[in-house]
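I have placed the structure first, in the form of structure tokens, so that the comments after it can refer back to it.
The values are calculated or read from the model by the stated rules, or taken from the named source; none is laboratory data. Keep in mind the model is a prediction, meaning the values are calculated, not measured. Glycine gets a Cβ as well: all are built from the backbone with ideal geometry, and neighbour counts include every protein chain shown.
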Amino acid sequence: MALDKIGIAKRIAQELKDGYYVNLGIGIPTLVANYIPEGINVEFQSENGVLGMGPFPFEGEEDADLINAGKQTITTLDGAVFFDSATSFSMIRGRHVQLTVLGAMEVSEQGDIANWKIPGKMVKGMGGAMDLVASADNIIVAMMHTNKRGESKLLKKCSLPLTGVACVKKIVTNLAVLEVVAKGFKLLERAPGVKVEDIQNATEGKLIIEGDIPEMVL
Amino acid sequence: MINKEVKSIEDAIKGVENNMTFMFGGFGLCGIPENAIKALSESSVTSLICISNNAGIDDFGLGLLLQKKQVKKMISSYVGENAEFERQMLSGELEVDLIPQGSLAERCRAGGAGIPAFFTPAGYGTEVAEGKEVREFNGQPHILESALEADFAFVKAWKGDTAGNLIYKGTARNFNPMMAMAGKITVAEVEHLVPAGELDPANIHTPGIFVQRIFQGRDYEKRIEQRTVRNKK
């Protein structure tokens, strides 16, 4: 069975390592914070200017001066710190953040990502995404394998305006875990019950299948 | 001590003119200069170039200036929460320059810091890089981004003193410190204005040298865009 959004978040949470500073994008990536593996300490950075983000506040304890980059009310944990936007992007561009997780509309087999604009239709802007993808050493994309029309989001070439080039390292979708390698998308894991053939059919870009592909363990 | 205090909002925005470039601090509706925006929306000033990370929502923040069509151009990184903005942009009434958030912050900082331009990897290979110089450093391509300055920068802080020193609260800091540096005239509004000497000099976020006018703000709404809570168990 294909994963739901929570399943994708749980699988990505397995990529967290002790001591990581992590930036989570809006949407599925935000859910990753709920599934930090036992015994691992990580700190979440939000580009609007906070490190050490905690869970959402209890009702009645929301503070308008305390939000994340998705404009949601948040709390802070012990050791948290606030800073301005230039300092925040110094952390990002300066490669002090070890992992970036973000959503995408399209990813190409070269590791290009498009997630900020649909010409003539959606003009929201790139926010911090271009800075994040240009500098992160480790970028994981969290997304559904296909769009609402059933078309593959893993392409030979992106059709939408790019957010960054040759930057995506890993992709976790509702169907699979894939690594971007020199020749295409290397299939690493299948979602529970999903066949390699299903993944092949949902992938427009070159899919590299080597040996038996294990199922994800969630 | 050089006293920066102005007693009225009229004095605070004195000298604003049509076609000027303004900066507004804030991220979403967090840390926006509510008093200045309201006063400008009630003034006749128009054809403005506004630099702000976001464009407010339809009926609050910079949305108030957009509603009254006082803005001819917006320079922002993310404008997703404002339907009127989207309408004006798609119809061509409003010129929009969307730039990466980190580049926006650094361009403001550079403007205030006397750095005319800098190279950044952000946006390389995208439409943001069109027409910009590309240069490789350590094998990585970077694009040249120029500094931003403003005729007026409107910022909001939690506490300030009459010397113009500012302290921000929580994530309401965001773009305010860089924009304070980049304004020819920086107008700071604060929730608590105290006499000079009351703030600990070691804990000031924006030194008063960057602030030309400071005033005690009033009636802060501090709207929350995405109220998210968890259940008590």
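Side notes on the structure shown:
- Yes/no for residue B:232 being free of Cβ contacts under 8 Å to residues at least 12 places away in the same chain, of a type in the set (Lys, Arg) and touching a strand residue (DSSP E or B) at 6+ places or on another chain (Cβ under 7 Å): yes
- Residue ID - surrounded by the most Cβ atoms within 10 Å (Cβ to Cβ), chosen from residues in the range A:73-100 that are polar (S, T, N, Q) and more than 8 Å from chain B (Cβ to nearest Cβ): A:100
- Residues located in the range B:1-60, provided they are under 17 Å from residue B:97 (Cα atoms) and of a type in the set (S, T, N, Q): B:19, B:21, B:47, B:52, B:53, B:54
- Filter result for residue B:122 (free of Cβ contacts under 8 Å to residues at least 24 places away in the same chain, within 22 Å of residue A:135 (Cα to Cα) and surrounded by 23 or more Cβ atoms within 10 Å (Cβ to Cβ)): yes
- Under the condition of being over 19 Å from residue A:126 (Cα atoms) and part of a loop (DSSP other than H, G, I, E, B), the residues counted in the range A:64-83 number 6.
- Selection status of residue B:90, farther than 28 Å from residue B:227 by Cβ and more than 10 Å from chain A (Cβ to nearest Cβ): no
This table checks each residue for (1) closer than 21 Å to residue A:92 by Cα; (2) crowded, with 21+ Cβ neighbours inside 10 Å; (3) touching a Lys or Arg at 6+ places or on another chain (Cβ under 6 Å); (4) at pLDDT 95 or above.
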residue: B:45; (1), (2), (3), (4): no, no, no, yes
residue: B:89; (1), (2), (3), (4): no, no, no, no
residue: B:93; (1), (2), (3), (4): no, no, no, no
residue: B:103; (1), (2), (3), (4): yes, yes, no, yes
residue: B:118; (1), (2), (3), (4): yes, no, no, yes
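Matching residues to (1) at positive phi; (2) charged (D, E, K, R):
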{"residue": "A:71", "(1), (2)": "yes, yes"}
{"residue": "A:88", "(1), (2)": "no, no"}
{"residue": "A:95", "(1), (2)": "yes, yes"}
{"residue": "A:104", "(1), (2)": "no, no"}
{"residue": "A:123", "(1), (2)": "no, no"}
{"residue": "A:131", "(1), (2)": "no, yes"}
{"residue": "A:142", "(1), (2)": "no, no"}
{"residue": "A:149", "(1), (2)": "no, yes"}
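- In the range A:46-59, the residues that are part of a loop (DSSP other than H, G, I, E, B) and within 8 Å of chain B (Cβ to nearest Cβ): A:47, A:48, A:49, A:55, A:56, A:57, A:59
- Residues of the range B:75-93 that are out of contact with any Pro (no Cβ under 7 Å at 6 or more places or on another chain), assigned to a loop (DSSP other than H, G, I, E, B) and free of Cβ contacts under 8 Å to residues at least 60 places away in the same chain: B:78, B:79, B:80, B:82, B:91, B:92, B:93.
- Residue within the range B:122-135 that is in a helix (DSSP H, G or I), modelled with pLDDT of 95 or more and within 9 Å of another protein chain (Cβ to nearest Cβ) present: yes
- Flag set for residue B:189, criterion: more than 12 Å from chain A (Cβ to nearest Cβ) and touching a Pro at 6+ places or on another chain (Cβ under 6 Å).
- Residues of the range B:1-49 that are within 14 Å of another protein chain (Cβ to nearest Cβ) and outside any loop (DSSP other than H, G, I, E, B): B:23, B:24, B:27, B:30, B:34.
- Taken together, the criteria exclude residue B:208 from residues that are of a type outside the set (Ser, Thr, Tyr), in contact with a strand residue (DSSP E or B) (Cβ under 7 Å, 6 or more places away or on another chain) and over 25 Å from residue A:133 (Cα atoms).
- The single condition from (1) among the small types (Gly, Ala, Ser); (2) buried (at least 17 other Cβ atoms within 10 Å of the Cβ); (3) more than 12 Å from chain A (Cβ to nearest Cβ) that residue B:180 fails is (3).
- Inter-residue pairs, beta-carbon under 6 Å, first among the acidic types (Asp, Glu) and in the range A:195-218, second surrounded by 11 or more Cβ atoms within 10 Å (Cβ to Cβ), 6+ apart: A:204/A:152; A:204/A:155; A:215/A:190; A:215/A:192
- Taking each residue of the range A:120-133 that is facing another protein chain (nearest Cβ under 7 Å) and closer than 12 Å to residue B:81 by Cα and looking for partners that are assigned to a strand (DSSP E or B) and hydrophobic (A, V, I, L, M, F, W, C) with beta-carbon atoms closer than 8 Å, six or more apart or interchain, yields A:123/B:96; A:123/B:98; A:125/B:98.
Okay, residues lined up against (1) hydrophobic (A, V, I, L, M, F, W, C); (2) more than 22 Å from residue A:104 (Cα to Cα):
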{"residue": "A:17", "(1), (2)": "no, yes"}
{"residue": "A:22", "(1), (2)": "yes, no"}
{"residue": "A:49", "(1), (2)": "no, yes"}
{"residue": "A:70", "(1), (2)": "no, no"}
{"residue": "A:74", "(1), (2)": "yes, yes"}
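- One residue from B:162, B:228 being within 11 Å of chain A (Cβ to nearest Cβ) and surrounded by 17 or more Cβ atoms within 10 Å (Cβ to Cβ): B:228
- Candidate set from the range A:115-146 (those that are assigned to a loop (DSSP other than H, G, I, E, B) and basic (Lys, Arg)); member that is farthest from the chain's Cα centre (by Cα): A:121
- Check on residue B:211, within 20 Å of the chain's Cα centre (by Cα), under 23 Å from residue B:39 (Cα atoms) and more than 13 Å from chain A (Cβ to nearest Cβ): yes
- Residue identified as part of a strand (DSSP E or B), in contact with a helix residue (DSSP H, G or I) (Cβ under 9 Å, 6 or more places away or on another chain) and of a type outside the set (Lys, Arg) among B:190, B:155: B:155
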